[in-house]
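Heads up: the structure comes next, in structure tokens.
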């Protein structure tokens, strides 16, 4: 079948003819002159002038000029022609292209990737460590043994992509990708430990055929750490300009000695990271020590901290740089240090004298003018100002007032810039308790009504068993840091199982308190209490019940606590010993009675391991000087409840009246023992606490232990940034009539 040749449009005809003639004119075989006796159609298409002089003819055709008396019209159409090409009959084949040579760079990359996968293990006598069912690491033994192996493995396991993304649905392609990431991780970790020439080889054992999920695939890394690099030089900038302080500061550029103690807790580790460690427990980094990135970070932090604690208010410690020399197998460390001058404190300057004056800020600071500048004191002042609750933001900036002169330190004033926070607060709470019923509480307060830090609070309670209205005045940081003067005037009606009381009271107290910001080794309080109360024993009503009696009580409550525990809300080591003495005089039915309420509370905490803390508590109380009937029921001893003997209701332990209601006593004994056992649940935040408690209350001033009640149970603790949330479930082991078979307690902080 012939297929017609498509006619070229007129506007392209001239150029096409010129190109054709030009190609014919330069062909390898000489072009024979056209026979003048040609057909008319061919003559019309290619005139003789085009053959005699093709270039001029083409140019003339473009411009419309005449050649040899013939004018060429560029717009004239081509004459009709029959040009056709026969379509080839099948079968036919196209010529194959020549093969393309591979890209050398791509080929080299492929070979390198293949070299990373080996068939036989490189470390034939190595020690294998199975990270999980998929991943295994192999380290050499003998002379090439990797001394940091245990620590290295724990760190790798925590960061491994294969471990983190382990799944039964993983494909072999995904495992390969994760293995590539883990190889980079291994290389980075080895460099952290000073192994800059390590060799890492990966073996991939593919999954069985027909297993697209990759189940059964195995990844193995053979690791040859090589030689550990050592410090060749250590340059600490201008640190030597500190003169007599140089030996002490140079010693702070070090790491914790391995033999300083056997074990450290996470809390102690944080303290070490902050520089809170004695110089005597450090080994300074020296030339010849192993190049470990962790040691460099630790040493820089220690030096920075010690400069700030040694009076160098404007010291600057720059970023460390490490130059690795592979030929020497050493690393040269440079830390730019500009210590500046040494300074003492000159005082505190407030930007809000009418709000928190400079004098008041100096009062709550933990330094006096003339003392050596310490950066931790500056940070503590900032935190103490925030803890007042009166400011939303605060900055403390040291400003030089006197420059250092030779060995004599200069002086700096701390400029305090504060932004006032909202000072008035409405608060409310609503709840229900199985013993106390409903309770609605509300309050309004102004935290700086009487500057500085003079708070007034109005509060009220409406509930099933309690109603209260009161006014509280509180002066924080009164005449010193964490010293509080408070006056509480209130009226209340309380209905307990043990007593019913309608009371008006005035309580004034001056105390030195301990806080989460500044936990003190000892704290105390002194006070005065005046009480007028109408009370009777028991909560039941009826004609057979004894009438109410009125008591007028004046007391001087005193307390003191010695605290060596390591944490206020969640102690793990140490002890607390508290004593309370309240000499009181009471007038009832024109009879004056004098007595003292006394109790002693001791608590001890022992860390048996990283995850187990054994805690114990013992409390003993006595009210000598008066018989039981001369003491108002609300001021007697009771036991039972969340912070007493768990498993029993609040105040349910002790003597009872003829109707089975608690009547209180003059002596108290409580003993608690529990084990706080950490678990891996919720990233270690959840712990389990089995406990056993015992307690008794007796009518006499001396306990006779004739009626000891024992409770046992188990609880859980969930660690938060503000302390553990506590849930305890207790069972009374020798319960009496009226005691519930089980009790549940919820609170914040440990039970003791």
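The values are calculated or read from the model by the stated rules, or taken from the named source; none is laboratory data. Just so we're clear, the structure is a prediction, and the values are computed from it rather than from any experiment. Quick reminder, even Gly has a Cβ in these numbers, built from the backbone with ideal geometry, and neighbours come from all protein chains shown.
Which one is modelled with the lowest pLDDT among residues in the range 225-244 that are surrounded by 18 or more Cβ atoms within 10 Å (Cβ to Cβ) and within 35 Å of the chain's Cα centre (by Cα)? Looking at residues that are surrounded by 18 or more Cβ atoms within 10 Å (Cβ to Cβ) and within 35 Å of the chain's Cα centre (by Cα), I get 225. Of all residues assigned to the range 388-403, none qualifies as being within 30 Å of residue 496 (Cα to Cα) and in contact (Cβ under 8 Å) with a residue 40 or more places away in the chain. So if I check each of 479, 455, which one is surrounded by 18 or more Cβ atoms within 10 Å (Cβ to Cβ), under 30 Å from residue 347 (Cβ atoms) and within 41 Å of the chain's Cα centre (by Cα)? Within the list 479, 455, the selection yields 455. Could you please find all residues in the range 355-405 being over 20 Å from residue 518 (Cβ atoms) and part of a loop (DSSP other than H, G, I, E, B)? Correct list: 355, 357, 369, 370, 403, 404. Give me a count of the residues in the range 404-441 that are surrounded by 13 or more Cβ atoms within 10 Å (Cβ to Cβ), farther than 30 Å from residue 496 by Cβ and touching a residue at least 40 places away in the same chain (Cβ under 8 Å). Final tally of qualifying residues: 12. Among the residues of the range 351-362, just one is within 26 Å of residue 404 (Cα to Cα) and out of contact with any strand residue (DSSP E or B) (no Cβ under 6 Å at 6 or more places or on another chain), namely 359.
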